[in-house]
Every structure is written in structure tokens, then in C-alpha cells.
Amino acid sequence: MGKGLTVTEIIEGANSGSIKAIYVMGENLMLSDPDILHVAEALEKLELFVVQDIFLTETGEFADVILPGACFAEKEGTFTNTDRRVQRVRKAVNAPGSALEDWKIICILSNKMGYPMNYNNTAEIMDEIASLTPIYGGINYERLERRALQWPCRKYGDPGTSILHTKNFTRGKGRFIPVKYAPPAEVVSEKYPYILTTGRILHQFHTMTMTGKVKGLNEIAPSNLVQINTDDARSLGIKNRDRVKVESRRGAV
């Protein structure tokens, strides 16, 4: 198998017609992707668009089929942190209505499409991961019930690896990769004289698809904000906490 496409390349493929169908799980393309007008145009051209999520998102509005998934509190599984720490996630409440865990939905679809996929629980899926991925070889639910483990954890009894590369790298010496300069796709102009860099706010996560449903967080941070250089703001007649319209060649917010 060759290298797969990036998200932006997939959108380009949908626009050109080389990609006919897209299946999205837990991703809000209509907020997270660049140039959402271009994304909307691509989604409209698809022959089939399937969205699997826990809420009806802006992306879900374009879907031909919506598959209701379960949130983290409604399913069993594991969560792996950025520090490679694999922890058990335990179901706290039942999923509403016809919502199902992601793995169950995938199994149903796979069986319907002629590829047998039958698991009894997430522990069996974890065992399959361990059998195919050496760095997970020593991780199973029995061990995770007692404590979290950090991969690489290659065999049963291996305590895991708290710090990577203390003695060597897996591929030998460190490999340095030079960064090639890529000029910006768009530059400032008289009509659009400013550069916008997107960032994050403390109390909301990414596109607010989930945290935006939390009353307490919305009381603190109900919307995003734009930070402007004080000299630029003064020249534009903008004061602190004013509502502003930010416009580019691609659209406005």
C-alpha cells in the first residue's frame, strides 16, 4: 500500500471528482479545515457522504447518512495520552437512543459489506492490536485494570517505558531532516494588509463541537476572540471587547 491522502488532498479529490465518497468519524471538517467554502463545495459533489458523530455538527448537515456514535462516557475502551500512557476508559452511562460505540458501528458495516468482523468486546480488539503492533505487545486489559502502561511495552511483565531514547534511537543515530522553505500561498495586499494566525482559547477545545455544549464553559468563553496589535487596533478605531468582522479572500467571520 502506498501513502494515503491528507485531509486537504481528500477535499481536493472530492472537488475534482476522483473521490466519490467520504466517511467521517468524529471530525468537524466544516469548522476545522481551511477555506470552508471550498470544503462545502467538495462535500456537495460527493455521491455518498457518511458522518459518524455524537452530535449533529456543521459537517453533519451535509451528510447523506448520519451514524450516531457514543461519547467517551458511554463506552469501554482505552485512551492513550501524548506521553504514550495507555489507560482504561470505563463506561459510566448508556448511550442515548440508537447510538452505538464506534467499533460496533464499524463491525456492522464491515459485515454488511462482506468482510466478517466480529468482536465480543473491546478487550478482544486490544488483544488484536497487541498481536500486530510490537510496541503494544505486553498490553492487555488485565494489566490495564491495575495500572496504566506506557508503550513501548513489548511483552507481558514489561513495565513499559517511561522515557524514550535514553540509550539509543530505534533506527540508530538521530536523523536530521532539513526543512525546505515554502513561500506563503497568499501574501498581504492593500485590500488585505494583515496576517492572521489561528490559535486556541483556554476554556474551549478546538471547534467547540463538544465543549460548546457545556453551559459552564460557555459562561466563561461563549465565543472566540481576535487579538490585534494595539497600534493596528488604534488605527482601525477598534477598542477592547468590540465586536469585529474578520474578512479574507476566502470568507468572513
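Taken together, the values in this text are just the output of simple stated rules run on the coordinates, not laboratory data. Note that this is a predicted model, so its numbers are computed, not measured. Neighbour counts are summed over all protein chains in view; Cβ atoms, including those assigned to glycine, are modelled from backbone coordinates with ideal geometry.
Annotations for the structure displayed:
- Charge context of Asn15, other residues only, Cβ under 10 angstrom, K/R +1, D/E -1: -2
- Charge dipole of the stretch 192-241 (Cα centre as origin; +1 on each Lys and Arg Cβ, -1 on each Asp and Glu Cβ, all else neutral): 180 debye, rounded to the nearest 20.
- On Cα atoms only, tilt of 122-132 relative to the major axis of the chain in degrees: 90
- The H on the amide N of Leu67, modeled in the peptide plane, is under 5 Å from the matching H of Val51, Gln52, Asp53, each at least 5 residues off or on a different chain.
- Under the shape rule built on the C-alpha gyration tensor, where the axes satisfy a ≥ b ≥ c, the stretch 160-251 is oblate, since a/c reaches at least 1.5 while a/b does not exceed b/c.
- Dipole moment magnitude, nearest 20 debye, the stretch 36-77 about Cα centre, only Lys, Arg, Asp, Glu C-beta charged: 80
- In loop segments of the stretch 127-181 as defined by DSSP, the trypsin sites (Lys or Arg not before Pro) with at most 13 further C-beta atoms inside 10 Å of their C-beta are Arg146, Arg147, Lys155, Lys167, Arg171, Lys173, Arg175, Lys180.
- Computed E for Arg171/Thr6 - FRET, C-beta separation, R0 22 angstrom, nearest 0.05: 0.40
- Normalised contact order of the chain, rounded percent, pairs of Cα under 8 Å and 6 or more residues apart: 11
- Summing charges over all other residues whose Cβ lies under 13 Å from the Cβ of Ser162, with Lys and Arg as +1 and Asp and Glu as -1, gives +1.
- Taking a point 7 Å out from the Cα of Ile108 in the direction of its Cβ, the residues of the stretch 17-55 whose backbone N falls within less than 13 Å of it are 52-53.
- Gyration tensor (alpha-carbon) shape descriptor, the chain, a/c threshold 1.5: prolate
- Simple point charges give the picture: +1 on the Cβ of Lys and Arg, -1 on the Cβ of Asp and Glu, and for the stretch 7-68 a dipole about the Cα centre of about 160 debye.
- Karplus-derived HN-Hα couplings along the stretch 105-113 (A = 6.51, B = -1.76, C = 1.60, θ = phi - 60°), whole Hz, x at Gly and Pro: 4, 4, 4, 4, 4, 4, 5, 5, 8
- Residues of type lysines that Lys245 reaches as a straight line, Cα spacing below 25 Å, ignoring anything fewer than 8 places off in the same chain: Lys191, Lys213
- Candidates per chymotrypsin sites (Phe, Trp or Tyr not before Pro) in the stretch 115-144, loop by DSSP, up to 16 other Cβ within 10 Å: Tyr119
- Chymotrypsin sites (Phe, Trp or Tyr not before Pro) within the stretch 146-220: DSSP coil, no more than 14 neighbouring Cβ in 10 Å: Tyr156, Phe176, Tyr181, Tyr194, Phe205
- Across the stretch 148-156, coupling constants 3J(HN,Hα) worked out from phi with the 6.51/-1.76/1.60 Karplus curve, θ = phi - 60°, read 6, 10, 9, 6, x, 9, 8, 8, 4 Hz, and Gly and Pro carry x.
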